[in-house]
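Structure record follows, encoded as structure tokens.
The values are calculated or read from the model by the stated rules, or taken from the named source; none is laboratory data. Keep in mind it's a predicted model, so treat the numbers as computed, not measured. Every residue, glycine as well, gets a Cβ built from its backbone with ideal geometry; the counts of neighbours run over all protein chains shown.
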Amino acid sequence: MRSLVVVLLVTLSASGVGQQRSGLLGTSTEDKVLKSLPRTILDSDLKAALGGSFRLSDYSGDVLVVNLWASWCAPCRVQVASLVKMQEQLRAQGVKVIVLSTENPDRSAEGVLDSIREYEVNYQFGWAPSEVSATLMQGRDAIPQTLVISRSGLIVKRFVGFNPKDTPPQLELAIQEALNDKGGFPEQH
């Protein structure tokens with residue numbers, strides 16, 4: 001019986017089943033479906049937390065660290081401090097952190113603004129409309145999710161969850177890989 005449980009746990013772990021539910025795992029998964037950002041996602045108007053709007057395509061030529069977030073998500077809130085530090089350290093290299101709340105902007109604005117003030121957020125913070133978050137999450141319902149996107153729009157790595165010890169160094173490796181890609185977002189005709 002004990003070996004059956006071990007085999008089952010190993011099988012579930014290898015298939016990623018445990019990664020979908022717990023936001024604390026912080027493991028990366030290879031993106032099997034979405035390999036690059038579609039033009040519809042790049043050009044979607046995203047509501048900025050501090051007013052106005054922006055598009056991911058505004059950051060063509062930069063390495064993007066796109067984090068899907070919610071104010072009620074404890075691991076998301078824990079991750080904010082490491083994202084602030086990362087943006088501070090890597091901005092000069094062309095790395096831009098963008099956090100997108102998956103929540104309704106009307107209902108979550110106060111919580112988002114409180115987080116921005118509390119953690120002294122130094123990066124773009126906004127909301128992802130449901131079609132944008134659904135496309136980026138690719139059926140994975142756990143948050144936080146972090147995508148490292150190269151200068152040419154390729155998704156280098158996807159992280160599901162956040163582990164304060166393991167995720168930051170893995171994220172840094174993925175960012176270095178993305179920085180090696182010198183192209184801009186591909187033109188689509």
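The figures follow:
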| quantity | calculated |
| --- | --- |
| Filter result for the condition that a residue is under 19 Å from Val78 (Cβ atoms), basic (Lys, Arg) and free of Cβ contacts under 8 Å to residues at least 40 places away in the same chain, over Arg117, Arg107 | Arg117 |
| Unmet requirement for Glu131, which otherwise passes all of (1) closer than 16 Å to Trp72 by Cα; (2) assigned to a helix (DSSP H, G or I) | (1) |
| Strands (runs of 3 or more DSSP E) wholly inside the stretch 1-118 that include at least 2 residues being modelled with pLDDT of 95 or more and under 18 Å from Ile149 (Cα atoms) | 63-69, 95-101 |
| Scope the stretch 143-179; condition surrounded by fewer than 19 Cβ atoms within 10 Å (Cβ to Cβ) and part of a loop (DSSP other than H, G, I, E, B); matching residues | Ser152, Asn163, Pro164, Lys165, Asp166 |
| Within the stretch 46-76, considering residues that are farther than 13 Å from Thr102 by Cα and free of Cβ contacts under 8 Å to residues at least 40 places away in the same chain, the one surrounded by the fewest Cβ atoms within 10 Å (Cβ to Cβ) | Gly51 |
| Residues within the stretch 51-94 that are among the hydroxyl-bearing types (Ser, Thr, Tyr) and within 17 Å of Phe162 (Cα to Cα), tallied | 2 |
| Residue selected from the stretch 119-128 under the condition surrounded by fewer than 18 Cβ atoms within 10 Å (Cβ to Cβ) and part of a loop (DSSP other than H, G, I, E, B), by the criterion farthest from the chain's Cα centre (by Cα) | Glu120 |
| Meets criteria (touching a helix residue (DSSP H, G or I) at 6+ places or on another chain (Cβ under 9 Å) and not hydroxyl-bearing (Ser, Thr, Tyr)) for Ala142 | yes |
| Leading residue by the ranking (modelled with the lowest pLDDT) among those in the stretch 122-147 that are within 14 Å of Arg158 (Cβ to Cβ) and of a type in the set (S, T, N, Q) | Gln138 |
| Qualifying residue in the stretch 84-104 (condition: surrounded by fewer than 18 Cβ atoms within 10 Å (Cβ to Cβ), on the phi < 0 side of the Ramachandran plot and under 15 Å from the mean Cα position of the chain (by Cα)) | yes |
